[in-house]
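Structure first, then comments.
The numbers here are math on the coordinates, done by the rules we state, and not lab data. Just so it is clear, the model here is predicted, and its values are computed rather than measured. Don't worry about glycine lacking a Cβ; one is built from the backbone with ideal geometry, like all the others, and counts go over all protein chains shown.
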Amino acid sequence: MKKKILQFVLALVLLNSLQANAQDPQKDSTYRKWFVGSTLLLLGNFDNTNNPEYIQLNAGYRITPKDVIQIRFKRSVYAWPIGIPFGPDFDAPGLNYPGKARILAPQIGYQRFWWKGIYTSVYVLNAFEKYTDENKKKIGNGFTVYTDFYLGYHFKFFKDRFFFEPAIGVSYWPIRTGVPDSFKNQDKKWPNYFIQPGLDFGFKF
């Protein structure tokens, strides 16, 4: 699945290079201020082993050509410690939770464009969590505060109607409460940060 996502991303970038230059807010006096979108990480829902049932909705407003505020809503179900990096340990036997956690998470963020399409962004996410055991019985509620930091590039398509933003990000959670002991025993083996890709896309209006 990761290979398919990478191939799809490369195809989008190549398409963009054939038809348009990357966004340059300095030259764009008629930029579109509003946008809605989501992420290509939704393709992970085709994973039959550990389907995250992932949902992400984005909406934003461009205050100036270089400054953007954005709200997101995320929902996911996961059965592994969120600090496990991508690699051989991810989904390895014996490292998963003895059950699952469901997250409902509103998020607010700020994005700054520096040069052409290069940007950085920071988000704060408040995650409300529900924990269930292996028999799908609820065993607790939790709360986590995440901070996400991204460095990425903004590509535009079709006369700046659509965009795609590949990025590299770090998610860090300084506050996490209400985690059942059986889940904590797995969490303590891993750090409280995670390096992740950003693959947002959207429609401007």
Legend entry - Cross-link pairs beyond the 18 Å C-alpha cut-off, checked among Lys74/Lys189; Lys100/Lys138; Lys33/Lys159: Lys74/Lys189
Legend entry - Of the trypsin sites (Lys or Arg not before Pro) in region 141-175, those whose Cβ has at most 14 other Cβ within 10 Å and which sit in DSSP loop: Lys159, Arg161
Inset, instruction - Take the alpha-carbon centre of region 145-191, take the same for region 29-52, and report the distance between them in whole Å. - result: 13 Å
Legend entry - Percentage relative contact order, region 110-205, counting C-alpha pairs under 8 Å, at least six apart: 25 percent
Inset, instruction - Find how many whole Å separate the alpha carbon centroid of region 71-86 from the alpha carbon centroid of region 100-127. - result: 14 Å
